[in-house]
């Protein structure tokens, strides 16, 4: 009797360990589900790693920190630009900005060019906090991704960007 599971545990471990040829043993119709499982696993592990290694010592969430870092780098963004850069809905960016505004970390002003558009920027408090944390966080991220060669890292970024584009396209078509 054949094993109908996506990938028996031993085979899955060999694929996850990067054993040469292990992926070729996975039937073609099971490779997409396997890639999805690997992506979910990576997302879970990376979120845990972020919480333990990067956001440590700051009271906020990873998305809040990401927004602050974006605002420090760009000086100001519209709500729409921020939502697009973080790949979140307008409602989610509003909640993020509301929470950071209450903490005195961001401010929101009406655009001088269009009264319907709000510009968000960091306060001096958030800017100094981010500038103090960013070198440590950048160092930790560099250490983590040093598992890749330069060529592998560029390929990793390219492939993830390609998958993100496909996901965005499908989500926009199905909404």
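Some notes on this structure:
- When we screen 107, 111, 121, 99 for residues that are out of contact with any helix residue (DSSP H, G or I) (no Cβ under 9 Å at 6 or more places or on another chain) and on the phi < 0 side of the Ramachandran plot, the only hit is 111.
- Boolean, residue 116 is modelled with pLDDT of 90 or more, surrounded by fewer than 13 Cβ atoms within 10 Å (Cβ to Cβ) and either under 29 Å from residue 161 (Cα atoms) or not assigned by TED's automatic domain parsing to the domain that holds residue 164 (or both): no
- Qualifying residue in region 100-111 (condition: modelled with pLDDT of 95 or more, surrounded by 17 or more Cβ atoms within 10 Å (Cβ to Cβ) and closer than 24 Å to residue 172 by Cβ): no
- Residue in region 62-77 that is in contact with a helix residue (DSSP H, G or I) (Cβ under 7 Å, 6 or more places away or on another chain), exposed (fewer than 13 other Cβ atoms within 10 Å of the Cβ) and modelled with pLDDT of 90 or more present: no
- Residue check, residue 101 assigned by TED's automatic domain parsing to the domain that holds residue 163, over 22 Å from residue 137 (Cα atoms) and free of Cβ contacts under 8 Å to residues at least 40 places away in the same chain: yes
- Sole exception among (1) free of Cβ contacts under 8 Å to residues at least 24 places away in the same chain; (2) in a helix (DSSP H, G or I) for residue 129, by number: (1)
- Filtered residues of region 17-30 (kept if touching a helix residue (DSSP H, G or I) at 6+ places or on another chain (Cβ under 7 Å) and part of a helix (DSSP H, G or I)): 23, 25
- Residue in region 150-159 that is over 24 Å from residue 18 (Cα atoms) and loosely packed, with under 12 Cβ neighbours inside 10 Å present: no
- Candidates are the residues of region 103-126 that are assigned to a helix (DSSP H, G or I) and more than 21 Å from the chain's Cα centre (by Cα); the one that is farthest from residue 59 (Cα to Cα) is 124.
The values are calculated or read from the model by the stated rules, or taken from the named source; none is laboratory data. Treat the numbers as computed from the prediction; the structure is a model and nothing was measured. A quick note on method: Cβ atoms are made from the backbone with ideal geometry, for glycine too, and the neighbour counts reach across all protein chains shown.
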